[in-house]
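Reviewing the structure listed below.
Laboratory data are not the source of any read-out in this text; all were calculated from the coordinates shown. Only a predicted model underlies this, so the values are computations on that prediction, with no experimental measurement involved. As a convention, Cβ positions derive from the backbone with ideal geometry for all residues, glycine included, and neighbour counts pool all protein chains shown.
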Amino acid sequence: MSAPLSRRRLLQQSAGLALAGCPRSGASARRVVVIGAGLAGLSCALELNRKGRGVQLLEASERVGGRVQTQRIGGLVVELGATRILAGHDRVHAYADLFGIERTPVDPDRAGIDLAVVQGQRVAPDGAIPGGLTPGEALAWQQGRLLELYLLPLMAQLGDPLRPGWPPPDLDALDRLSLAAYLASRGASEAAIALLTLGGLSGWVDRLGILQHARHVGLDDLSSPATWLVGGNDALTEALARALTGSLEVGAAVREIRVQRNGIARLSIERRGLLSTLEAGVVVAAVPLAALRRIRLVGLSSQVRRAIDETHYVEITQSNLSFSSRFWIERGLSGRLRTDRPLQEVWPQAGAPRADPRGILTNSTTGQAAIELGAMGEAERGTFLHEQLVMAFGGPVPEPTLLSTRAWHLDALIGGGWPVFGPGQGWIQRRLQQPDGPLWLAGDHASPWPGWMQGALYSGERVAQRILAEA
């Protein structure tokens, strides 16, 4: 992998752009400004550049990548944000191939039993049957098809989730149902609903719309082994940034987007405490909507403002712990764990060299539990996570080293983990796919894959293609 982009290199590149000044006013209508150098902004800018369309890419922070952030510590490589790439995530694989980045399994030792912990009971499909299930649910649980039992009848009604304008208005009746309400309407027992929403979904069953969940299940084969990029997922964001030399400026925070009567957007940009303005005929806001809400928006339609304001982002705290050995393998376990406790979800990461005996477990916690975990001090958090692992694994767990924690909801430039479209918010998903005058929205929130790198890249490409088509 090429050397990471240093802060100095990024600032030098940014300084050159800042000194370039504003072109003649006649160029404003053709100028394209992309806000945000996460995967959506990077891919959008790259696709426009590859077609000969000049772009100015502005990033408020002094690093690229957004919710892709890799940490290297003590010979280990861990992800603080986006971790897994699924087999069907073709855009991630295509860009990795473009830059010659190899993939490797997230869990190279994938074997053993996945654990689920419900109300203190450790269960697995080949073990004890959870209490409270109906006979049909118990059989489906043992066969590993409990999800299929209740969601398969819905799949035929979804249509093509990749089709522009999805979900169509004829799905509005389903759109009004939460995940919990839909499962209950299909006769699912409370015990089955608890099993189907373990982990990060446990606090969202009444707030997550059934259509968003069903689309995720329909598009992604969660049973296939997940991969990550060799050396860290930031290999892709840095490769994209290097390909955009001369277009990317960091430390440039957009404070206002004002759509003027002539259809030109006027941006107020803060650089090292100094404000300047820039006009553009096309602006792509490729930042999470929670972060976009912090920018003053003037002249947008009321519907777009409402869509931006009403999209909620999951509070999420992600922690990485290292152990002297992969103790779970010795116990015949996979290291993958979902619970209804604050621990919520755990999976192993392949961030240690193959000859290194150390093991890494990543914990992802959402909702109120994430808020509480993110507010803890490092020592308290490490002790808490260790105690939770002991309870979940049902026996002694070696003392871990807490490598890192990232509470994404506390980052003002991000605002949370992934967007949640609740009951009755199908209109928001449709509206986010359309421009509002000169303003386009790009990001996983405007894609069929909310919360995934695939969604960000897909959306960035799609917006670029539509801008080119309308030029």
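Remind me, what semi-axes does segment 361-471 give for its equivalent ellipsoid, largest first in whole Å, using sqrt of 5 times each Cα gyration tensor eigenvalue? Intermediate results must be reported in sequence, preceding the final value.
Working: eigenvalues 302, 39, 35 Å².
Over the Cα atoms of segment 361-471, the ellipsoid semi-axes are 39, 14, 13 Å.
Positive-end ranking of I257, S447, A37 along the dipole of the chain, with charges on Cβ about the Cα centre, is headed by I257.
The charge dipole of segment 137-218, taken about the Cα centre with unit charges on the Cβ atoms of Lys, Arg (+1) and Asp, Glu (-1), comes to about 100 debye, rounded to the nearest 20. On the principal axes of its alpha-carbon atoms, the chain has extents of 72, 53, 38 Å, going from largest to smallest.
Each Lys and Arg adds +1 at its Cβ and each Asp and Glu adds -1 at its Cβ; summed about the Cα centre, segment 219-369 shows a dipole of about 400 debye. Across segment 445-455, computed HN-Hα scalar couplings (Karplus, 6.51 cos²θ - 1.76 cosθ + 1.60, θ = phi - 60°) run 5, 9, 9, x, 10, x, x, 10, 4, 3, x Hz from first to last residue, x flagging Gly and Pro.
Shown is the FRET efficiency for V230 and L147, computed with R0 = 30 Å from the Cβ-Cβ distance and rounded to the nearest 0.05: 0.45.
Ranking of I210, I35, I264 by neighbouring Cβ atoms within 10 Å, starting from the fewest: I264, I210, I35. Using bins of 5 Å that start at zero, the share of Cα-Cα pairs per bin across segment 37-173 amounts to 2, 7, 9, 12, 12, 13, 15, 13, 9, 5, 3, 1, 0, in whole %. Among I295, S178, Q425, flag the residue with its Cα farthest along the positive direction of the charge dipole of the chain, charges on Cβ as +1 for Lys/Arg and -1 for Asp/Glu. Looking along the dipole axis, the top candidate is I295. Computed over segment 137-218, relative contact order equals 37 percent, with contacts defined as Cα pairs under 8 Å that lie 6+ residues apart. Here the contact order of segment 235-287, divided by its residue count and restricted to Cα pairs under 8 Å and six or more residues apart, works out to 24 percent. Tell me, what is the FRET efficiency for Q157 and E310 to the nearest 0.05, using R0 = 25 angstrom and their Cβ-Cβ distance as r? Efficiency at R0 = 25 Å is approximately 0.50. Helix content alone sets the calculated 222 nm mean residue ellipticity of the chain: runs of n ≥ 4 DSSP H residues at -39500 (n - 2.57) each, divided across all residues, give -9500 deg cm²/dmol. Dimensions of segment 137-218 from C-alpha coordinates, computed as largest minus smallest value along each principal axis and given longest first, are 38, 24, 21 Å. Between the residues A370, A235, G394, the greatest Cα displacement towards the positive end of the dipole of the chain, with unit charges on the Cβ of Lys, Arg, Asp and Glu, is found for A235. Remark: relative contact order (the chain) = 25 percent; criterion is Cα-Cα distance under 8 angstrom and separation of 6 or more residues. Residues whose amide H lies under 5 Å from that of V284, counting only those 5 or more places away or on a different chain, are V33, V34, I35, W440; hydrogens are built 1.01 Å from N in the peptide plane. Under the convention that each Lys and Arg Cβ holds +1 and each Asp and Glu Cβ holds -1, the size of the dipole of segment 217-275 around its Cα centre is about 600 debye. In sequence order, segment 153-160 has phi-based couplings of x, 7, 4, 5, 8, 6, x, 9 Hz under the Karplus curve 6.51 cos²θ - 1.76 cosθ + 1.60, θ = phi - 60°, and Gly or Pro positions carry x. Once Rh is set to the Kirkwood radius over Cα pairs, what Stokes-Einstein translational diffusion coefficient, in µm²/s, holds for segment 99-175 at a temperature of 25 °C and a viscosity of 0.890 mPa s? Rounded, D is 149 µm²/s.
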